Amino acid sequence: MTEKIILYAIIGIAVSTALAFLTKATGKSVAIDESGQFNLRMNKLYGIMGVIGLVFGLLFLIFLPLTTEPSDSGIWMAVILMLLIFWGTGIPCLMYYRNHRVTFDDNSIVATSVYGKIREIKWADVVDIRFKAMSGLLILTTKDEKVKVHQHLVGLSKFIEFVENKTKWTHKELKIPIGKK
């Protein structure tokens, strides 16, 4: 019983620490580039967690079947479950880290989705903004287009500053967690 309490406490502390680190990085200052734009990228922790998930999944795939008889169907169910858990979280984390980015200036927003699809909208065309807490996405909608911005982009506070200046929505209205500058 005590071991379970300790295990759950360690998991809780690790998750809370990771989320605090990710939220703090959203408040990091970002510099304007040569073309007059701000470039936001996903936190490196996403890349690290993605690689760890892929490696753990691969280790289960290789070593779990070696520990028992090859005909044991329970082992293969365990392997499939472990692959779903580790690759199911690792692959999306790695995809977000490699693909998702947002570039913006006074006129427009260019967002690259987790799948690498690029969308561009103008600040003046934004008709709705919603924050979806379950997915962690800030969704900016125009008449024709939707742009999704992840809550863990490094420097997101600068983007939220632009949202407040260029649209009618505020940080408090959207209820998006961002770190302090």
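Observations
- Under Stokes-Einstein, with the Kirkwood radius over Cα pairs as Rh, the value for region 1-143 at 4 °C and 1.567 mPa s is 70 µm²/s.
- Ignoring lysines fewer than eight residues from Lys24 along the same chain, the ones with Cα atoms less than 18 angstrom from its Cα are Lys44, Lys158, Lys172, Lys175, Lys180, Lys181.
- Alpha-carbon centroid distance for the pair region 139-154 / region 19-59, whole angstrom: 17 Å
- Efficiency of FRET between Ile118 and Ala78 - r from beta-carbon atoms, R0 30 angstrom, step 0.05: 0.15
- Protein accessible area in region 14-85, 1.4 Å probe - carbon and sulfur %: 75 percent
- Hydrophobic long helices, here whole DSSP H runs in the chain with Kyte-Doolittle means of at least -1.0 and Cα atoms spread over 18 Å or more along the helix axis, are found at 2-25, 44-66, 73-99.
- Looking at the chain, the accessible area is 63 square angstrom per residue; that uses a 1.4 Å probe and ignores ligands, DNA and RNA.
- Near the amide H of Gly155, within less than 5 Å, lie the amide hydrogens of Thr26, Gly27, Lys28, all on another chain or at least 5 residues away, with H placed in the peptide plane.
- Residues of type lysines that Lys146 reaches as a straight line, Cα spacing below 18 Å, ignoring anything fewer than 8 places off in the same chain: Lys117, Lys122, Lys132, Lys166, Lys168
- Loop-located trypsin sites (Lys or Arg not before Pro) across region 46-142 with a Cβ neighbour count of 11 or fewer within 10 Å are Lys117, with loop assigned by DSSP.
The values are calculated or read from the model by the stated rules, or taken from the named source; none is laboratory data. As the structure is a computational prediction, the values presented were derived from the model and not from experiment. No Cβ is skipped: glycine too gets one built from the backbone with ideal geometry, and neighbour counts run over all protein chains shown. SASA here: full protein model, heavy atoms, side chains in, ligands and nucleic acids out. Shrake-Rupley method; radii C 1.70, N 1.55, O 1.52, S 1.80 Å.
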